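Laboratory data are not the source of any read-out in this text; all were calculated from the coordinates shown. All values reported here derive from a predicted model rather than from experimental measurement. Please note: Cβ atoms are built from the backbone with ideal geometry, for glycine as well, and neighbour counts cover all protein chains shown.
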Amino acid sequence: MDGLNEILSLVFNATLVRSTIRAATPILYATLACVLTQQANILNIGIEGIMIFAAFAAVTTSYFAGSWVLGLLAAIITGVVVAAFMAFAHLKAKADIFVVGMGVNMLAIAMTRFLLQRTFGVSGSFHHNDIVPMPRLNFDFGGNALLDTLFNDYSLFEPVGIVLVFVLAFILYKTVWGLRLRSVGLNPLAAETAGINVTFRKFEVMLYSGVLGGIAGAHLSLGYSRMFVENMTNGRGFMGVAAMFFGGANPFWGWIGCLIFGFADSLGSRLQSLGLPSQFILMIPYVVTVVVLTLAMMRKKRAETARKSAI
Amino acid sequence: MSDNHDRELAREQAYVDGLFARLDAEVTQANERLAQVQLEVDPANPDADALIRRETEYHGSGGLTAFGISAVDTALWDCLGKSLGVPCWALWGAIPGALKAYWKVNEVCVTILMNYVAIYFTSYLVGNPFSARASIPRTPTIEESARLLRILRPSRANIGLFVALGVLVLVWWMLYHTNWGYKLRHVGQNPSFSEYVGIPPKKVMIWGMILSGAIGGLAGAIEVMGIHGHFLDNFSPGIAFDGMLASLIAKNDIRMVPVLSLFLAVLKTGALGMERFTGVPKTLIDTIIAVFILLAAMEGLFAYSRRRSARSSGEEAA
């Protein structure tokens, strides 16, 4: 019994909260980017590629310019450029968004790998002391250990992500711009009739989603870690898409989804110390994502059926 | 009202039963082919492999799982024995299919995440229960008699190439010359209408994914039995993704599949030589392929592609 208590207290403690938030943040930015485009009825499957490009741009700029701000800016610009290309291909050149998204994902992996070899002469991963990471937030709580673990030492964009959730929810549901955007997604013909330029709106949100994807990538390489690794997103973009579906394109519920995935991730890494095979631990976030997504869609389906039979 | 419904149900049931019987026969057939292949022989050429995966992609939504399946399947294939392989790969394909059909869960998301699950799971199997205790994680080498026959030595080509061509013809025949293929295409274009005229879209979707999974499993088996002779941890360096790309470029036109598979295989093979002799990283080729796909996808970009877009716009509308 004592042994069990010991294990439980080892696994569940205050640091679990912060490691959950830590693991959830990169997914959260991807989710928000997807939420934004999904509201205009575009499934941004290329978010993974945008993140990889942005992460590479952030590391490179931070290394050469010695400033995380410039790294972040470079990441955002890269994200916007990639997103603008996707929007152009989808809206103007009539490419299937799924094909473009997957194409961008493949391009991102191949091209960053190529540039990594050419620029730094390394393959696999690049880390160097000259990479300037994002600052960490520290407050003085008078040495209170619990408050220190809970609220200190967050990377800058971890709290910013949480703020963004509420900002985005406000913009989508409480402003005219948000209403128009949602109408574009719900019924483009009606929106067009009401005088909204549908194509322009879609283009616009793709650019914003590029900004968010850029922040996601910069956070991944300069905040979450301090290096660039080939394919460093490791499916986080797709988890973001899953979280967006989980939340039904609502930023708040999408955030909850991210926290669930982040929780599964950080719980797994703790269980590793108990001697489970590492591959099963690494599998946990992916399995949880698929299961949670399925449960959410089942619930949605049931709600829809109930609504139909009520009529 | 309820009589009507019952009758409809009964009819649907009868139809589904028939469909299942036929599919069973088909799966068995594919299985026998594989068993035969395994009995006879040995090896795979990248082209052949690519071809197969490409076909897998043909089913549209299905393809990504191919990678995962081939990984899981092959682990089981040479470790646990032949009988387990079939149900395993088919089931792996069935999961996203069923999720998509019943709850509209996005299949791209699920299949990609399941790839990671498959990679880690096989990595565990190879590392622990089935390890060959070698310096790199791999399973013991399979029996010489179970390997695919090599052709054109010293290349790694093997009769997997002919298996691939056989599967290509089989898939083409199934899609365009059978009742089942017609229904599959029908469901792909308009599931609601299919349901209305009495084709159960969910069942068809799931079976499409299961078959797609089966072909993916075949690809994995050929890779293992033909080229490596053992299951290497994470052996497939994105071959399935190349296959998906080929089908994306072909815009699901099966006649283009062999041509494009060959094209990609030539690029990839050439990349190795290019790196060795000129020092240009072979990742450049991957970049070029990705750019190529993006350009191919942008139908409205060039005037010459209008003819093609007119033909495929019907598919896209679905």
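Odds and ends about this structure:
- Qualifying residue in region A:285-302 (condition: in a loop (DSSP other than H, G, I, E, B) and at the interface with another protein chain (Cβ under 9 Å from one of its Cβ atoms)): no
- Helices (runs of 4 or more DSSP H) within region A:82-176 that include 1 or more residues more than 14 Å from chain B (Cβ to nearest Cβ): A:145-151, A:157-174
- Count - residues of region A:41-68 that are in a loop (DSSP other than H, G, I, E, B) and surrounded by fewer than 20 Cβ atoms within 10 Å (Cβ to Cβ): 4
- Hits in region A:66-108 (condition: among the β-branched types (Val, Ile, Thr) and in contact (Cβ under 8 Å) with a residue 12 or more places away in the chain): A:Ile76, A:Ile77, A:Thr78, A:Val80, A:Val81, A:Val82, A:Ile97, A:Val100, A:Val104
- Residue list for region A:222-245, restricted to those being more than 11 Å from A:Leu28 (Cα to Cα), more than 10 Å from chain B (Cβ to nearest Cβ) and part of a helix (DSSP H, G or I): A:Leu222, A:Gly223, A:Tyr224
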